[in-house]
Amino acid sequence: MCGIIGITSNKPVSASIINSLRKLEYRGYDSAGIATLSNGFINEVKTEGRVDKLEKNVSLKNLEGVVGIGHVRWATHGVPNTVNAHPHSSENVSVVHNGIIENSTLLKKYLLNKGYKFKSQTDTEVIVHLISENLKELNLVDAITKTLKQLIGSFALGIIFKDEPDLIVGARRGSPLAVGYGPNENYLGSDSYALKSMTNKITYLDDGEFCIIKKDQTEFFNEKGVKVNKKVLELSSNEENYGKGDYKHFMAKEIEEQPTTIKNCIKEYIDNANKEINIYNFPWDIKDISSITLIGCGTAYHSCLMAKYWFEELTSLDVNIDIASEFRYRKNRFKKDGLYIFVSQSGETADTYAALELCNKNDLKTCSVVNVVESSIARDSNFVLPIHCGPEIGVASTKAFLGQLMVLYLLALKIGNLDKTLSLDIYKDKITSIQKLPKLINETLSFDNKVQIISKTFNEAKGSMFLGRGFSFPIALEGALKLKELSYVHAEGYPAGEMKHGPLALIEEGMPVVVLAPRDNYYRKTISNMQEVIARGAKVLLITNKSKDEVIPENIWETIEVESADDDLLPFLLTIPLQKLAYYSALNNGYDIDKPRNLAKSVTVE
Ligand code: F6R
C-alpha cells in the first residue's frame, strides 16, 4: 500500500522517478508526488490523482536534481488531496512514507509546542519535523536512530535533506523496502517490481534497519545505529517487461493468461513421466504434522477456505483456517505438531505477515504460498511454495487465486499420498486429471459475449447473491468479492443451505442470484435451494458444468455450462465466468478496472 521510489544518481532523476511511480501505481493511486534536491533547495511537486497528472506538473516545473524521492499514496490519515500527498517537506527535510504512525497525535503536540507548523492532515508530517528537531543536536545517523525510536507504528521511509545533497535515507519497520544497485546510481523502492526495470541487484532491509544510499555507496544500520553488512541478491530479470500487451486492462490479460500460468505451475510441481508431485526440500517429516492452519486475507483467504475442503477430503489432517487480521490478535492455541500455511499473492500483506511473525516467534512450522518469491512473507517463512504466475498487476486478484488453489491442491494430494489417505491409484489418476486442466480452463474462457450481456443486470440491481455448497461455496464468496470490488454494487456470497436462516429475506422480484451448482455430490441439494430463491422472484444465473445426464431445471434466467472435470477441479472452472462477470460489470460502467476505488494491490497497513 503506497509506493516509494528514491534515486540518487549522477544525472537528473525526475523522469526515472516518474517511470518507477507508474510501475508502483497499483499500490496506491489517490495522489502522487516527487521531491528532488537542486541548487541547495528541496523542490516538491504533488497532485491529487494519478501519476499522469503528476508528470504534467513535473514537466511544467522542469524539475531538476540528481537526488530525489517519489510516492504514490493510498490514504490512511487525511483525505486524498494535493496537500496530503507525499512527499511532506520542510525547508530542510522531505519524507515519503508507507504505513501508519500510531503515536502521531502525541508527537504532533510535542512538535507544536516546539514551534513547528503543520500543513497537512497526515501522520507523516511529524516525521519531517522530528528529524529536523533531532538534527539540531545529533549527526545524521544518530538523528535517524533517535527518530525511528520515537515512532510507534509501521513504516517504510524515504528521506532527503537540504544539507546532505548527495544521499537518501531509507528506513523500514513493518512495511517492505529494498535498495537497488545501478551504474553510477542507487535506488530505494518499496518493492522490487519498481526496481526491476533499473536493476536486478537488490538488498532487502530487515525490520528495524535503515540505510544511507549515495550514487556510488550504500550503508546499512540496525535499529541501534550500528553498521551491518547485507547481502546483495540477484533477481531473475524475466518479469521486468510485464505489460498489458493488446489488452485494454491488466485484469483482462491476467484472466486470459490462466491456462498458461496454471500450466507453468503444474510443470514446476508435477513429474509427468512418473505421475508424481514433487515438493522438493519439504523440511518436515509428514508424520510429525497432525494439523494445518491456513491463513490469508481477502481472495487469499478464499483460497484457504477452498483448501480446507480439499485437505479434509484428501488427507487425514485436522484443518483450520483463519483470516490473518483476526488470527494475529486472538489467543491462539498454537500446535507444535501443526503446520501453519500463509497464503498471499504479494507476500507483503501486513496482517498476513504479522500472523507469520507470531508463528515464527512461537517456534512453529511455517510455510508460505506466494507469488512474489522475494517478498517478506516468503523470506521469513521456513518453507516457500511459489505459485509461478508471474506478476499480477490488476488490483483484483485473478490468476494468483487459481495459482494458490493449484499449489494448495497439489500439497493436499501429496500429503494424502504420504499419509495414505489416498490409494496410489487414486493419487495417480488425480495427477492425470490435473494435466488436462489448462486446456479445460482455456475452453471455459469463451463466454465473453454472454457474460457481458448478463452483467448489465448486475449493474442495475440493488444487490446480488452468490450461492454454492461444498467445493463451490468458497468460489461463491470469491465471485461476490470480485463483483463488489470492481463494480461497486453490493454482492453477498453465501452457503446455499444457509439462505433460509435469514438472507432469504433479501430476495425480491428480479434480484440476480448466481447459483454455483456443478454436477457434483451437492448438485441436487443446491438445486433445491435454487428453487427456493426462484420461488421468491430471484433471477437465477446457474453456473454448472456440461453433463449428458442431467437436464437443466426450468425457470432459470440464464445458464452457463463450464467444461467438465473431476469434482476436485471444478472450482477452477467455475471461477472463470465469475471473474468475467465482475470484469464486464465494471467495464459497463466505465470504472477503472485495474485500480478500483479505495483499494490498492499490496496491503501493507493493518
Ligand atoms: C481481491 C484481492 C484482495 C487480496 C488481499 C490479500 O481481489 O486481491 O482481497 O487477495 O488483499 O492480498 P495478498 O494475496 O497479496 O496477501
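Read-outs throughout are calculated quantities, based only on the coordinates presented, and are distinct from any laboratory measurement. This is a predicted model, so every value here is computed, not measured. Positions of Cβ are backbone-derived with ideal geometry, glycine not excepted, and every protein chain shown enters the neighbour counts.
Kindly provide the helix-only [θ] at 222 nm of the chain, computed as the sum of -39,500 (n - 2.57) over DSSP H runs of four or more divided by all residues, to the nearest 500 deg cm²/dmol? Walk me through the intermediate numbers first.
On the way: 18 runs with 218 residues, N = 606.
The helix-only estimate for the chain comes to -11000 deg cm²/dmol at 222 nm.
Considering only A350, T398, P259, and ranking their Cα positions along the charge dipole of region 250-435 that arises from unit charges at the beta-carbon of Lys, Arg, Asp and Glu, the one farthest toward the positive end is A350.
Take the Cβ atoms of R379 and K331, set R0 to 35 Å, and the FRET efficiency comes out at 0.80. Cross-link pairs exceeding 32 Å between alpha carbons, from the set K23/K484; K500/K601; K430/K482; K308/K580: K500/K601. A crude spin-label estimate for the pair I426 and N113, with each label 7 Å from Cα along the Cβ direction, gives 6.9 nm. Taken over the Cα atoms of region 1-61, the convex hull encloses 79 Å³ per residue. Working from label points 7 Å from Cα in the Cα-to-Cβ sense, the N274 to N39 distance is 6.9 nm.
When each of the peptides 338-348, 416-426, 176-186, 105-115 is scored by how many other beta carbons lie within 10 Å of its residues on average, the order from highest to lowest is 338-348, 176-186, 416-426, 105-115.
Need one word for region 211-368: rounded, prolate or oblate. Basis is the Cα gyration tensor (sqrt eigenvalues a ≥ b ≥ c); a/c below 1.5 gives rounded, then a/b vs b/c decides. Show your work: numbers first, answer last.
Values: a/c = 1.67, a/b = 1.11, b/c = 1.50.
Oblate shape, in that a/c is at least 1.5 and b/c is the bigger or equal ratio.
Report, in degrees rounded to the nearest 10, the 0 to 90 angle that the Cα long axis of helix 472-487 makes with the longest principal axis of the chain. For 472-487 against the chain, the angle is about 50 degrees.
Below 8 Å between Cα atoms, with a sequence gap of 6+, how large is the relative contact order for the chain in percent?
Relative contact order for the chain comes out at 12 percent.
For the chain, the share of DSSP beta bridges that are antiparallel, to the nearest 5, is 60%. Kirkwood hydrodynamic radius computed over the chain comes to 25.5 Å, based on all pairs of distinct alpha carbons. Taking only the Cα atoms of region 6-149, the ratio Rg/Rh comes out at 0.96, with Rh defined as the Kirkwood radius.
If r is the Cβ-Cβ distance from T260 to S433 and R0 is 22 Å, what FRET efficiency results, to the nearest 0.05?
0.70
Can you give the relative contact order of region 448-588 as a percent, counting alpha carbon pairs under 8 Å and 6+ residues apart? Each step should come with its number before you reach the end.
Values: 258 pairs, mean separation 42.5, N = 141.
It comes to 30 percent, rounded to a whole number.
As a quick test, which of the pairs K149/K215; K108/K361; K146/K215 have an alpha carbon distance above 31 angstrom in this structure? Working shown, then result.
Numbers: K149/K215 27 Å; K108/K361 33 Å; K146/K215 25 Å.
Pairs exceeding the cut-off: K108/K361.
For K436, list the lysines whose Cα falls under 21 Å from its own Cα; do not include residues on the same chain fewer than 8 positions away. Qualifying lysines at Cα under 21 Å: K263, K267, K275, K399, K414, K428, K546, K548. Does anything in region 323-346 have its amide N under 16 Å from the 7 Å Cα→Cβ label point of N360, and if so which residues? Only 328, 340-344 fall inside the zone, counting backbone N under 16 Å.
Provide the packing ranking of 277-285, 93-101, i.e. peptides ordered by the mean count of other C-beta atoms within 10 Å per residue, highest first. All intermediate terms of the calculation are to be shown ahead of the outcome.
On the way: 277-285: 12.0, 93-101: 27.2.
Answer by packing, highest mean first, reads 93-101, 277-285.
With labels modelled as points extended 7 Å from the Cα through the Cβ direction, what inter-label distance (nm, one decimal) is found for K53 paired with N588? In this crude label model, K53 to N588 measures out at 2.9 nm. Kirkwood-type hydrodynamic radius, region 134-237: 13.9 Å, calculated from all non-identical alpha-carbon pairs.
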